[in-house]
There are 2 protein chains.
Amino acid sequence: MDFDPAEAFGAQSAIRTLRLLRLLGEAGTEGASLAALVRQSGLSKPTCRRLLIALIEEGMAVQDPTTRLYSLGREIYLLGMVAADRYGIHRVALDSVTRLAQKTGDAAFLQVRHGEEVVCLAREDGTFPLRSHVLKAGDRHLLGAGAGPLALLAALPEAEAESYLATHARALAERYPALVPLLPGLVREARERGYSLNRGILFPGSWGMAMAIRGPSGGVEACLSLAAVESRMQPDREPELAALLAAEVQLVEQRLARESGPPTPLTSPTRTRNLP
Amino acid sequence: MDFDPAEAFGAQSAIRTLRLLRLLGEAGTEGASLAALVRQSGLSKPTCRRLLIALIEEGMAVQDPTTRLYSLGREIYLLGMVAADRYGIHRVALDSVTRLAQKTGDAAFLQVRHGEEVVCLAREDGTFPLRSHVLKAGDRHLLGAGAGPLALLAALPEAEAESYLATHARALAERYPALVPLLPGLVREARERGYSLNRGILFPGSWGMAMAIRGPSGGVEACLSLAAVESRMQPDREPELAALLAAEVQLVEQRLARESGPPTPLTSPTRTRNLP
DNA sequence: AACGATAGGTCCACGATATGGACTTCAATA
DNA sequence: TATTGAAGTCCATATCGTGGACCTATCGTT
């Protein structure tokens, strides 16, 4: 993360604290070690630790006394549930994830777009014993990187997708070197098919499939996805999986439409500074 | 809130930022004005504003451009969903809230205990036109203050409840003056009946009823509750409402038991400093 | 339309506060 | 029992955050 000094505006440690919080989110249920957080945050060890203590004292983080790993605290859950009134999609989508996992036997996910990132909100495992553990709740990837992010990218208006690719080519190439040359083709494929397919591009042998969820206003903010080992996502099973995805996506879309009495505000998180 | 300087340990502004975040949580969906946040936090206006900007830049808060009110941002929702893997009760309890609201026609709530506080996680309104708006998602009250908090207090082991009352008498008296003398009686009543009843003690005319949810390990962490205008909670309707509550509580408890393959860690959020 | 009152927002000199290099402690591996 | 790597802590220093003072916008009132 490392700080661009320009973005510190008298709130350095506030920003640092909040970024740490986000890193804890990415660490998910397992948690993260102090060393890992130091590395990822670019902070010094004492600073990192001090901020973690503050997070812990406020209930926003916890440290496992035996493993010493840090993870999100209950306070964050409580706040998140309050925020869910506004941003929530889980109420209409979580049980679809569960059903997908049950019916397919593989891992199913709910992912949402958040600016240029795609965040995995929920993962549910099926019963099949060979499982891909490449994606878990809290993981974040750039649009396009993985089946879910690919579905979301492909569902964007073409102009928007183009400009995203142009703007983020560098970042994509850095984080996912193998991906960039393939992306335009994958996006086209996904558009034609109606769902995306990731044939082990990011992690060999880990395949994925995803379909975007369109909100009542037409915007795309989330997707359902599946992940499995290569052998479980061959052409023979593809239509079956796609049909299951399609059915659940349709269900979620209906539920979204029904409850959109008060239309969800979906404004971008970027802020324009008030100028003098 | 105001700061006990002793608790600042080189993380003043981190703590301040996180407390602000919590205040935003309490403000719920409506949001809070800068002035309100300044008042509640005890911070100076510039400091408050600066920290809010930091929160906004990190996506953890948003400001409505027309009303200028601040509220929780989408990032908090995302983090909360990740934390839900660990602390979540909503997956097994939210639809009970919905059903209660539908069947009773009144407002139904899910509240959880968090240390000495009880946080309202969700509110769902029924169709009856006279509604109590005394409680909304994000609101926090001390154990004992209101139907839900009362049910949770009454469900505690007797010794624990006693010691809580002893320790927090002052705080209770300060925030809820009318309540304290009545509390012991109310708690006893609730224990005998199996559910709590608040006959407009905190807000005249706003009545409430609640029943605690017991986890598989026997601990009590949450409750379902109902609120209505006085006339809708008279003895004639009481058994009916209590039965509905009991049915949903039982359902939630069953679901909790079923999914407790990996038993939910429910450790307290307080931290013991590592001593040299 | 001029006024006062209330709230949102910002500036910047000062000093309290957060910083990180250096250190200690502990557990696991060799 | 050395050795490595990670967790955790101390404290002198200067950087970063602070809040009094000020500006502006938007009301309701006369």
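In table form, for the structure just shown:
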| item | result |
| --- | --- |
| Residue check, A:VAL134 among the aliphatic types (A, V, I, L, M) and open to solvent by 60 Å² or more (accessible area, probe 1.4 Å) | yes |
| Test for B:GLY10: is it within 16 Å of DNA strand D (Cβ to nearest atom), touching a helix residue (DSSP H, G or I) at 6+ places or on another chain (Cβ under 9 Å) and open to solvent by 10 Å² or more (accessible area, probe 1.4 Å) | yes |
| Failed criterion for A:ASP106 (all others in (1) of a type in the set (D, E, K, R); (2) crowded, with 22+ Cβ neighbours inside 10 Å; (3) in contact with a Pro (Cβ under 9 Å, 6 or more places away or on another chain) hold) | (3) |
| Residue check, A:SER41 of a type in the set (S, T, N, Q) and assigned by TED's automatic domain parsing to the domain that holds A:LEU142 | no |
| Residues of region B:139-166 that turn out to be assigned to a helix (DSSP H, G or I) and either in contact with a strand residue (DSSP E or B) (Cβ under 6 Å, 6 or more places away or on another chain) or touching a residue at least 12 places away in the same chain (Cβ under 8 Å) (or both), as a count | 12 |
| Residues of region B:64-88 satisfying the condition of being touching a residue at least 12 places away in the same chain (Cβ under 8 Å), open to solvent by 10 Å² or more (accessible area, probe 1.4 Å) and facing chain A (nearest Cβ under 9 Å) | B:ASP64, B:ARG74, B:ARG86, B:TYR87 |
| In region B:13-36, residue least open to solvent (accessible area, probe 1.4 Å) [restricted to those that are more than 7 Å from chain A (Cβ to nearest Cβ), more than 16 Å from DNA strand D (Cβ to nearest atom) and in a loop (DSSP other than H, G, I, E, B)] | B:GLY31 |
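The values are calculated or read from the model by the stated rules, or taken from the named source; none is laboratory data. Everything numeric here is computed off the predicted structure, so don't read it as measured data. Here the Cβ is made from the backbone with ideal geometry for all residues, glycine too, and neighbour counts use every protein chain on show. Only protein heavy atoms, including side chains, enter the accessible area calculation; ligands, DNA and RNA are left aside. Shrake-Rupley method; radii C 1.70, N 1.55, O 1.52, S 1.80 Å.
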